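Q: The structure that follows is given in the form of structure tokens.
The values are calculated or read from the model by the stated rules, or taken from the named source; none is laboratory data. These figures come from a predicted structure and were not determined experimentally. Methodologically, a virtual Cβ is constructed for each residue, glycine included, from the backbone with ideal geometry; neighbour enumeration extends over all protein chains shown. When the accessible area is computed, the model is the full protein with side chains, heavy atoms only, and any ligands, DNA or RNA have been set aside. Shrake-Rupley method; radii C 1.70, N 1.55, O 1.52, S 1.80 Å.
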Amino acid sequence: MIEIITTYWLPTLISAVIAYLLGSISFAIPVTKLFIGKDIRRLGSGNAGFTNVLRCVGKPAAVITFIGDFSKGICSLYIGRWIFLMLASDAPNIEHTAEVGAALAGLFALMGHLFPIYFGFKGGKGILISAGIICALDFKCFLIVLVIFLVVFAITKTVSKGSLVVAVCYPIATFLLNFFMYKSDAWLAMTLIAVAFAVVVIYMHRENIRRILNGTEPKTIAKKKES
């Protein structure tokens, strides 16, 4: 992975900048402004993400946020992959290089979502954009972590608990698939990037972890219509 970054620094830099700027489009903020004229970061948990929009604004706004954040994760991967295929076509194993480049672009898109340049560097916690990135990167891995999330959510009715369990399982699933099933030369790079995703997501959920340990983490409930 380090060799790819140093050798192909130009596509790495271009894809990183574009992915970061794309990730910085924090849909929860303008969507909430449009629906109720308020800043979602001053409501509920203060998080500019799907769950807080669902609790504080309602289902229609949450659905738009869901689609926007998930889609930008997918787009960042395809953009990163395309840039590497165009600018690093001389790589000995271009498919391997483009895959790692795409994953790195996804990581920068996640950082844009967490620290959006357009919104004072205060964004969401990165679950939906991460899901979009995983979906575009490895659909089998996406299905595995989706099933894990749905099982945990069905038991706990809490998005944060499902997200944290998935964050732990994602690097493990990435390693097992790339090393044993795909026998990919990029298994180490892809696993390390997955670990970086997990560490970032877990760190962003540190307040949720405290509430979970204290037994005060609220369940995910949509805002009820006012009569």
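Q: Suppose we filter Leu13, Leu34, Leu54 for residues that are among the hydrophobic types (A, V, I, L, M, F, W, C) and closer than 19 Å to Gly120 by Cβ; which single one remains? Before the answer, list the steps.
A: Details: Leu13 fails: closer than 19 Å to Gly120 by Cβ; Leu54 fails: closer than 19 Å to Gly120 by Cβ.
Testing whether each residue is among the hydrophobic types (A, V, I, L, M, F, W, C) and closer than 19 Å to Gly120 by Cβ leaves just Leu34.
Q: Within region 85-98, is there a residue that is open to solvent by less than 60 Å² (accessible area, probe 1.4 Å), β-branched (Val, Ile, Thr) and not in a helix (DSSP H, G or I)?
A: For region 85-98, residues open to solvent by less than 60 Å² (accessible area, probe 1.4 Å), β-branched (Val, Ile, Thr) and not in a helix (DSSP H, G or I): absent.
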